[in-house]
Amino acid sequence: MTTEHIETDYLILGAGAMSMGYADVILAEDPTAQIVMVDRHANPGGHWNDAYPYVRLHQPAVYYGLQSTSLGRGGEDLSAGADILAYFRTAMDRFVRTGRVRFLPMSDHVGDGRIVSTVDRDRVTTVTARRRVVDGTYSGVQVPSMCPPRYEVDPDVTLVPPNELARLQRPWEQYVVIGAGKTGIDAILFLLDNGVAPHRIRWVMPNDAWLLDRGAMRPDIVLDTVVSMLRSIADGRVVQDAFHQLEREGIIFRFDESRTPTKWRCATVDRSELAQLRLVEDVVRLGRVQRVTSAGIELVEGEVACPADTLYVDCSANGLAKNEPVPVYAPGRVTLQPIFMCQQTFSSALIAHLDLMDLDDDRRNRVCRPVPHPEQAIDLARALVVTSQNMLDCNRHMPLWLRRSRLFLGNHAAPHRYLAACARLALTQRRANASWQAMERAAAAAPAPRVPVGV
């Protein structure tokens, strides 16, 4: 057995987007810091290594990636997965060339600084971190190619992850997409864009979700969108009041206007994509899938027959699970989590900057409280209120850094609009906080609606 020992300042677990964002800021703002990064993949980029080949960002690239380096063409560009992987590979090469970063790919951290190669178990590295062990794996991002379906599949059924759609060699009589999240949406749009007739597509959708209009995320107006979203919480009695207000303002919409969605996961589409999705009329809402057989699909609330020549596409992985929040900072440790709703890479950059400020961990944790990835509709209220409070607190502790951060939504607003939006957030925050608490109480007291578990 070959064992190497390394002493470093930071041991970063994972080389996904959040880990890379944290390392980028540490390297830029602390010229002496040394870092070891470990990941199971051969290349940096985390789940992007396993994603389907037609994946793209759902929100503008200007808000994604590293603080130091623009991604794609900037602005409203929706970078493709291959471009994102190349971006992170280039960044890691730059990190390593500084002489201050050691990257250990295809390796597992098994605990206590012990790292074992996934291709040679006799190759072991032990790492002592003088400052922090940074856990970039807490979010546990998953894509369908990484995990098996959570339902039974008979051996004579053809079921594939969405990755395989780009490699199909023949047409199928019917395509059944299982899952209604971002991956399911992408699979439907891919099939339509490549000439599959809408009547050949069946969409298994256990839960309807509210969708964010990508137009509302344009860099020049996005901060106004955030203010409007917080105001909808402040003005509402129950959380669906907020959604309906935002729908009237054109910020969000729903797939089927006759149904009230129960989910909110920040899925983002534009209006032309929504029109395409609505071409698919064969939508199954019978709860979660329990089993796929040669005859069709068995669901919690019924069965659906399918032709023998059916291709099933599993899009049921919970890409970003709603994890229980833990303190971001603890002695000798940082746990990377979103602190702005659905803005993971900006969150990790800010956490790194705050880590280098002359504050104790208790103060740091008061400045940036975790915002778990939302899942149910009621989660919108907490996510918005905590995001807004984090922004106001960060404005007090690091106003110039926040304003200049290329990943920050407010970076792209004109100065007068930025100041006005910050003032409106501050004025709305107390009312929104009170409304959020009332919404939580109302949701707890209401009879639980049927919310199918699963995809």
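General remarks:
- So Ser139, is it closer than 30 Å to Pro31 by Cβ, surrounded by 20 or more Cβ atoms within 10 Å (Cβ to Cβ) and of a type outside the set (Val, Ile, Thr): yes
- In the range 3-24, the residues that are at positive phi form Cβ pairs under 7 Å with partners that are not polar (S, T, N, Q), at six or more places apart or across chains, as follows: Gly14/Asp39; Gly14/Gly46; Gly14/Gly136.
- Just so you know, in the range 307-333 the residues that are β-branched (Val, Ile, Thr) and over 19 Å from the mean Cα position of the chain (by Cα) include one that is surrounded by the most Cβ atoms within 10 Å (Cβ to Cβ), and it is Val313.
- Any hit, the range 301-322, residues being of a type in the set (Ser, Thr, Tyr), assigned to a loop (DSSP other than H, G, I, E, B) and touching a residue at least 24 places away in the same chain (Cβ under 8 Å): yes
- Of all residues in the range 49-92, those being in a loop (DSSP other than H, G, I, E, B), aromatic (Phe, Trp, Tyr) and over 21 Å from Glu273 (Cα atoms) number 1.
Residue by residue, here is whether (1) closer than 25 Å to Asp355 by Cβ; (2) in contact with a helix residue (DSSP H, G or I) (Cβ under 7 Å, 6 or more places away or on another chain); (3) of a type outside the set (D, E, K, R) holds:
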residue: Leu11; (1), (2), (3): yes, no, yes
residue: Tyr22; (1), (2), (3): yes, yes, yes
residue: Ile35; (1), (2), (3): yes, yes, yes
residue: Pro44; (1), (2), (3): yes, yes, yes
residue: Pro53; (1), (2), (3): no, yes, yes
residue: Tyr63; (1), (2), (3): yes, yes, yes
residue: Ser68; (1), (2), (3): yes, yes, yes
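- Segments classed as helices (runs of 4 or more DSSP H), wholly inside the range 338-455, with at least 2 members that are more than 25 Å from the chain's Cα centre (by Cα), surrounded by fewer than 17 Cβ atoms within 10 Å (Cβ to Cβ) and charged (D, E, K, R): 361-367, 415-445
- Residue selection: Pro148 satisfies the criterion of being in a loop (DSSP other than H, G, I, E, B), within 28 Å of Pro325 (Cα to Cα) and out of contact with any Ser or Thr (no Cβ under 9 Å at 6 or more places or on another chain).
- In the range 257-284, the residues that are in contact with a Pro (Cβ under 7 Å, 6 or more places away or on another chain) and surrounded by 14 or more Cβ atoms within 10 Å (Cβ to Cβ): Thr262, Trp264, Arg265, Cys266, Val280
Here is a yes/no grid of residues against (1) surrounded by fewer than 17 Cβ atoms within 10 Å (Cβ to Cβ); (2) of a type in the set (A, V, I, L, M, F, W, C); (3) outside any helix (DSSP H, G or I); (4) in contact with a Leu (Cβ under 8 Å, 6 or more places away or on another chain):
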position	(1), (2), (3), (4)
Glu4	yes, no, yes, no
Glu7	yes, no, yes, no
Ala15	no, yes, yes, no
Ala23	no, yes, no, no
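- Subset of the range 81-108 (residues that are surrounded by fewer than 17 Cβ atoms within 10 Å (Cβ to Cβ), farther than 18 Å from Met37 by Cα and in contact with a strand residue (DSSP E or B) (Cβ under 8 Å, 6 or more places away or on another chain)): none
- Residues that are assigned to a loop (DSSP other than H, G, I, E, B) and either without any contact (Cβ under 8 Å) to a residue 60 or more places away in the chain or surrounded by 21 or more Cβ atoms within 10 Å (Cβ to Cβ) (or both) within the range 109-136 comprise Asp112, Val119, Asp120, Arg121, Gly136, listed in sequence order.
- Conditions (1) in a loop (DSSP other than H, G, I, E, B); (2) β-branched (Val, Ile, Thr); (3) touching a strand residue (DSSP E or B) at 6+ places or on another chain (Cβ under 6 Å): number failed by Thr268: (1)
- Residue in the range 389-400 that is under 24 Å from Met439 (Cβ atoms) and in contact with a strand residue (DSSP E or B) (Cβ under 8 Å, 6 or more places away or on another chain) present: no
A short reminder: the numbers here are calculations on the coordinates, not readings from a lab. Values in this document were obtained by computation on a predicted structure and should not be read as measured data. Counting neighbours? That spans all protein chains shown, and the Cβs are built from the backbone with ideal geometry, glycine included.
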